[in-house]
Amino acid sequence: MRRAALQVRAKFASSPRRLSAAPETSKTSETTRMNLFSAVNASMRSALARDESAVVFGEDVGFGGVFRCTIGLREEFGAQRVFNTPLCEQGIVGLGIGYAAMGRTAIAEIQFADYIFPAYDQIVNEAAKYRYRSGGEFDCGGLTIRTPCGAIGHGGHYHSQSPEAQFAGVAGLKVVMPRGPTQAKGLLTAAINDPNPVIFFEPKALYRASVDDVPDDPDFALPLGQADVVRPGDDVTVVAWGAQVLVAQRAAATAAAERGVECEVIDLQTLAPWDAAAVEASATKTGRLLVTHEAPRTLGFAAEVCAYAAEACFLHLEAPPARVCGLDTPFPLVHEKSYLPTEDKVLAAIYGLVDF
Amino acid sequence: PAEAAARAFDYANGLPWVANLDDAWVEGGRGWPSPLPMFWLLDPEAPGQLVAGATEAQAAEAADPATARAMYETMLTVQALDDVFYMAQRQGRVSFYLQAAGEEGATVGAAAGLASEDEMFLQYREQGACLWRGLTLDDMADQCVGNAESPDKGRTMPVHYGNRKLKLHTISSPLATQLPQAAGAAYALRISNEERVVACFFGDGSASEGDAHAGLNFAATLEAPVVWLCRNNGYAISTPTREQFRGDGLAPRALALGTDAVRVDGNDPLAVRAAVASARARALKNKKPVFVELMTYRLSSHSTSDDASKYRAADELAALGVAARHPVARLKAYLQERGHWDDDLEETTR
């Protein structure tokens, strides 16, 4: 019954409007075509089934969640394991830390990444340091924090932010962001299983619009800390994560068609720890690096990648590393298209590297 | 000076009191007396005597002679420990230290009212509870010095104790962060049907943090069996409670959130043990949090980085009659009056 429902939803979601089609995957009977929120749902379902200590909690998760990620979970696993909390992000994360500190699995939801900041102290000063400061006597490795992030077309300042860079530099945390449903299921399962606190950012624009053949295996996991080369190429390395990977792929397709420029598009997938070796190998090969993200340019995660590439690949670079990012302004409403690192901006930067 | 004294501690001096614990408990979420009455047993004005209405049976039930003696010895250990480490800091052997002068009864009494298997979250002035639990002087010295024997491997500041075996969650510097964590830990205990509670210490200043409200509210709504232990000692560094809040202490906040609460004289070790033991029993029976407000007084400066004489009048302590309320003196008088202690024991123990 559930599978049929997912397939029905997938039908509606299978004509993406602004995002390009999901990547090619094998359509064997071991996969099910589903969108990103269904993939997240599947990962949590298997976590709850596999680990009797696992609990899912946050605002409005009980009825299914404002993005449907937790749909059906309370009905299947009960109100003790899938429950609403009061409206208080610092409480949600603190609760999760304490629950995980008892050696259990806590899957916390922050309703929008824009609202994660009340919990910043608990995340940075407590979760990230719980093991280190106790010399390993205690840890909250069983904690995973999931939160929707990114542009959605009409979100404005407080429903569009991508704050990943404000967590990626905090030792003791892992930061992960999937680009599609298969990655969402595989990376979330890995995040839940990982014995460290993980923040899992879910690009909300992809919840319904991104559809893929997702492996049915309830234990399907993708490794954290490993980038994925989604499009091989010899001319320009383009690094992105989340929804921006699809923008990068479109720009890469246009560059190949228009000027025969072959871009190597890399999805970092994990920002902390990030796969510097993969980027180094690619940038050494191509000599041209572009990093692109929705978050504002200044001190966004592209700065870290570019600084590293300048150190590691300096003698191999044909041009300075380039960044195509959101503007250094709060995320505007009607001006969203001007703010975002759209395909045309990415394409211009690709050509800029080639023509340097 | 008299006004300063009144500002710091007026609600305890002017509080109604009761000698019956049943009369001190107030049900959360319903109308409550204002100000909340304070439960005590040991008369601070008459050393060795019980307050009017308290019986010897009550006192013996609060702590039998052996337990009361053990509590007293632990309180003396707190004093000795604090003296040695304070001097070590002044000598440059330890970088920092926090004394618990005046609060020995609050923390030792509270720990004595709990069970050894209860999880414990701490703030930073609960060395009495740590000692009662079994943390050794060597453990504490290792941590304060930051040597290779310390469980935190020299990573954290002094007095940031933690011990997995003793279920003492490692102390962190940010205040009140432990409250939502205690709620989460207690939720874990409840849904796996464990017959133990989480005890969570915090001070009157920490209670102003957003995390404190979050912790109290989450424990209440999720029905997590936390025994909240608030040491209301009159100060948060230099800030007296009148500048920290305008309500009737901290217990009414718990009541407003639907949590049962009791206010107790934190400087009466017997009353503290009785109140915390009854709190634990209530939390286990109802599978809900409970709140204990320990009215006490911080005799020392905030820490070795602080000099209270800069903001506290020299005669404030005398004006409050705090010496007469000192937990060590009161418990000693109680024990001596009943023949469970004498001056020879005092000398050899010290």
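Each value in this text was obtained by applying a stated rule to the coordinates, not by laboratory testing. These numbers come from a predicted model, not from an experiment. All Cβ positions, even for glycine, are placed from backbone atoms using ideal geometry, and neighbour counts span all protein chains on display.
What the table shows:
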| read-out | value |
| --- | --- |
| Average Cα contact separation per residue, the range A:224-356, under 8 Å, 6 or more apart, as relative contact order % | 28 |
| Qualifying GluC sites (Glu not before Pro) in the range B:91-167, DSSP loop, other Cβ atoms within 10 Å at most 14 | B:117, B:149 |
| Residues B:344, A:235 arranged by fewest to most Cβ contacts within 10 Å | B:344, A:235 |
| Projected label distance in nm at residue B:137 and residue B:27, using a 7 Å step from Cα toward the beta-carbon | 5.0 |
| Principal-axis tilt of helix A:2-13 within chain A, Cα atoms, nearest 10 degrees | 30 |
| Linear extension gain, residue A:337 paired with residue A:132, 0.36 nm per residue minus alpha-carbon span | 69.5 nm |
| Formal net charge of residues neighbouring residue B:53 (Cβ-Cβ distance under 13 Å; K, R +1; D, E -1) | -4 |
| Label-point gap, in nm, between residue B:256 and residue B:67 - each point 7 angstrom along Cα→Cβ | 3.4 |
| Shielding of A:151-160 by partner chains, average beta-carbon count, 10 Å | 0 |
| Separation in nanometres of the label points that stand 7 Å from Cα toward Cβ, at residue A:79 and residue A:158 | 3.0 |
| By average C-beta atoms within 10 angstrom, highest first, the peptides A:255-265, B:322-332 | B:322-332, A:255-265 |
| Cβ-based exposure ranking for A:159, B:169, in which fewest neighbours within 10 Å come first | A:159, B:169 |
| Among B:173, B:214, B:203 - extreme Cα towards positive end, dipole of the range B:170-247, charges at beta-carbon | B:203 |
| For a label point 7 Å along the Cα-to-beta-carbon line of residue B:285, residues of the range B:106-138 with backbone N under 19 Å | B:113-115 |
| Estimated 222 nm signal from helices in the protein assembly as shown, with DSSP H stretches of n ≥ 4 weighted -39500 (n - 2.57), rounded to 500 | -11500 deg cm²/dmol |
| Nonlocal amide H pairs with residue B:39, under 5 Å, H built at 1.01 Å | B:18, B:263, B:264, B:265 |
| GNM top mover of A:179, A:50, A:146 - chain A, alpha-carbon springs below 10 Å | A:50 |
| Other protein chain Cβ atoms within 10 Å, averaged over every residue that makes up A:81-88 | 4 |
| Under 5 Å, built H, 5+ apart or other chain: amide partners of residue A:231 | A:265 |
| For residues of B:162-171, the mean tally of beta carbons on other chains within 10 Å | 4 |
| Net +/- balance of residues flanking residue B:32 in space, Cβ distance below 11 Å, scoring K and R +1, D and E -1 | -1 |
| Sequence-separation-based contact order of the range B:203-256, relative, with Cα cut under 8 Å and 6+ spacing, percent | 47 |
| Of A:204/A:337; A:129/B:167; B:165/B:332; A:129/A:185, those spanning more than 20 Å from alpha-carbon to alpha-carbon | B:165/B:332; A:129/A:185 |
| Using alpha-carbon coordinates, inclination of helix A:89-101 to the longest axis of chain A, degrees | 70 |
| Angle between chain A longest axis and helix A:301-313 axis [Cα atoms, degrees, rounded to 10] | 50 |
| Around residue A:232: net Lys/Arg minus Asp/Glu count, Cβ-Cβ under 13 Å | -4 |
| Rounded to whole Hz, the Karplus (6.51, -1.76, 1.60) HN-Hα couplings of the range A:272-289, x for glycine and proline | 9, x, 9, 7, 4, 4, 5, 5, 4, 4, 5, 5, 5, 5, 8, x, 9, 10 |
| Sorted by Cβ neighbour density within 10 Å, fewest at the top, the residues A:131, B:164 | B:164, A:131 |
| Contact order normalised by residue count of chain A, Cα under 8 Å, 6+ apart, percent | 16 |
| Estimated FRET transfer efficiency when R0 is 56 angstrom, pair residue A:87-residue B:347 (beta carbons, to 0.05) | 0.45 |
| Reachable lysines, given that their alpha-carbon falls under 24 Å from the alpha-carbon of residue A:285 and they are not under 8 places away in the same chain | A:345 |
| Amide N of the range B:190-204 lying under 13 Å from the label point, which is placed 7 angstrom from the Cα of residue B:223 along Cα→Cβ | B:190-193 |
| Residues with amide H under 5 Å from that of residue B:94, placed H, sequence gap 5 or more | B:89 |
